[in-house]
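Only one structure is covered here, and it is reproduced in the block below.
Please treat every number below as a calculation from the coordinates, not as lab data. What you are looking at is a predicted structure, and each value in this text was computed from that prediction instead of being measured. Cβ: placed from backbone, ideal geometry, glycine included. Neighbour counts: every protein chain shown.
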Amino acid sequence: MTIQIERTSSTTTPTSPAGLSVHKVGGRVGARIEGVQLSGDLSEDTVAVIRDAILKHKVVFFGDQHHLDDETQIAFGERLGPLTTAHPTVNTGSSRVLSLKATKGMAANSWHTDVTFVDRVPAFSILRGATIPEYGGNTVWANTATAYEALPESLKALVDGLWAVHSNDYDYANSFDTEDQNNPQYTREEFTRVLYKTEHPVVRVHPETSERTLVLGHFVQKFVGFNPKESAILFNLLQDRVTKLENTVRWHWRQGDVAIWDNRATQHYAVADFDTQLREVRRITVQGDVPVSIDGRRSRVLEGSADVYNRLDELIR
Ligand SMILES: O=C(O)CCC(=O)C(=O)O
Ligand SMILES: [Fe+2]
């Protein structure tokens, strides 16, 4: 381990974009990037190529990044923008790193976009495969821009003006099988120790690509102006569009893989089918901005401040 880190830090050289290649994995979402060793020292050009690929393909995968540890993952992540703390409520890794470790069910086997219960929805999530089981434990991503684009005009007309309340106190019962709720890493009580509620437009205009994307996933509590029953019907109708298999890509992890997704244009789902094998992935998060609707209105906080999550308290650095 030590030898690996030393070798990496002493031999890391900026990778030229010329040596880097991007290969689509699916028709609507996902690409593999080859010829790069992720680090904080990459050239501006290389970082720009990686960023463009994330924006275009929504999720990108890198293999053989065995040299990475938390520190170097963070150093690379900061090249994409300032990082958030690990999570608004859960502490399983360090101040910047969320460890998702499981030997059976896990909290991520439900379709979601990360941390949509706050106003500044994360821009990018960077996930490192630390311990990968021999089988199972794939992750699936869906493209929420193509999902919007493929809606019939009549449904676009409905969602264009629709808003939803997202909360970390969401309806677990609708999202998980009973056995999967038993996540040993953190309790529901810890996850909701501070209550967050934010009203987001269901369709946001992406701040970098100007694409329209659907803002949904399991943190949605209800749609504004709709009762719970109507909300559930509408939610299922839209989620089915997002998670249609043709709109997704499924990644079979190998040790040392890294996945980076545009959290403003995707949902994801980690498949809990690895029996009792150990699986650990470690995530860092790049700060995002407040979603803006088609008619220019910004998301609105109803409860809970994410200032600390976004480090406005200047606790570190
Ligand atoms: O375990 C995974 O593959 C994904 C977990 C997850 O939802 C996340 O890292 O945001
Ligand atoms: Fe997630």
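When the Cα positions of Thr285, Val271, Leu155 are compared along the charge dipole of the chain, Leu155 comes out farthest toward the positive end, with charges on each C-beta of Lys, Arg, Asp and Glu. Name the most mobile residue of Asn227, Asn109, Asn138, meaning the one with the largest mean-square fluctuation, in a Gaussian network model of the chain with Cα contacts below 10 Å. So, out of Asn227, Asn109, Asn138, the one fluctuating most is Asn227.
In the chain, once you exclude exposed GluC sites (Glu not before Pro) (DSSP loop, at most 15 other Cβ within 10 angstrom), what's the longest stretch remaining? It would help to have the intermediate numbers written out before the result.
On the way: sites that count: Glu78, Glu134, Glu208, Glu314.
Result for the longest clean stretch: 209-313.
How big is the charge dipole of the chain about its Cα centre, in debye rounded to the nearest 20, if each Lys and Arg gets +1 on its Cβ and each Asp and Glu gets -1 on its Cβ?
Values: 34 positive and 41 negative charges, 77 e Å.
Using only the charged Cβ atoms, the result is roughly 380 debye.
Take the cross-link list Lys58/Lys104; Lys104/Lys197; Lys56/Lys156; Lys101/Lys197; Lys222/Lys244; Lys156/Lys222 and give me the ones stretching past 25 Å between alpha-carbons.
Over 25 Å Cα-Cα: Lys58/Lys104; Lys104/Lys197; Lys101/Lys197.
The stretch between Arg193 and Arg300, if pulled fully straight at 0.36 nm per residue, gains 36.5 nm over its current Cα-Cα span.
Among the chymotrypsin sites (Phe, Trp or Tyr not before Pro) in the range 77-172, those placed in a DSSP loop whose Cβ has at most 15 other Cβ atoms within 10 Å are Tyr135. Computed from label points 7 Å out along Cα-Cβ, the spacing between Asp289 and Ile233 is 3.8 nm. Its Kirkwood hydrodynamic radius, worked out from the mean inverse distance over all distinct Cα pairs, puts the range 21-316 at 19.2 Å.
The mean sequence distance of close C-alpha pairs (under 8 Å, at least 6 residues apart), as a share of the length of the chain, puts its relative contact order at 32 percent.
Normalised by 2.2 N^0.38 Å, where N is the number of residues, the C-alpha radius of gyration of the range 46-146 stands at 1.12. What is the antiparallel percent of DSSP beta bridges lying wholly in the chain, to the nearest 5? Of all bridge pairs located within the chain, approximately 95 percent are antiparallel. Between Thr131 and Gln277, the simple spin-label model (points 7 angstrom out along Cα→Cβ) gives 1.3 nm.
Computed from label points 7 Å out along Cα-Cβ, the spacing between Lys104 and Arg254 is 3.1 nm. Taking springs between alpha-carbon atoms closer than 10 angstrom, which of Ala157, Ala142, Ala259 fluctuates most in the Gaussian network model of the chain? Largest GNM mean-square fluctuation: Ala157.
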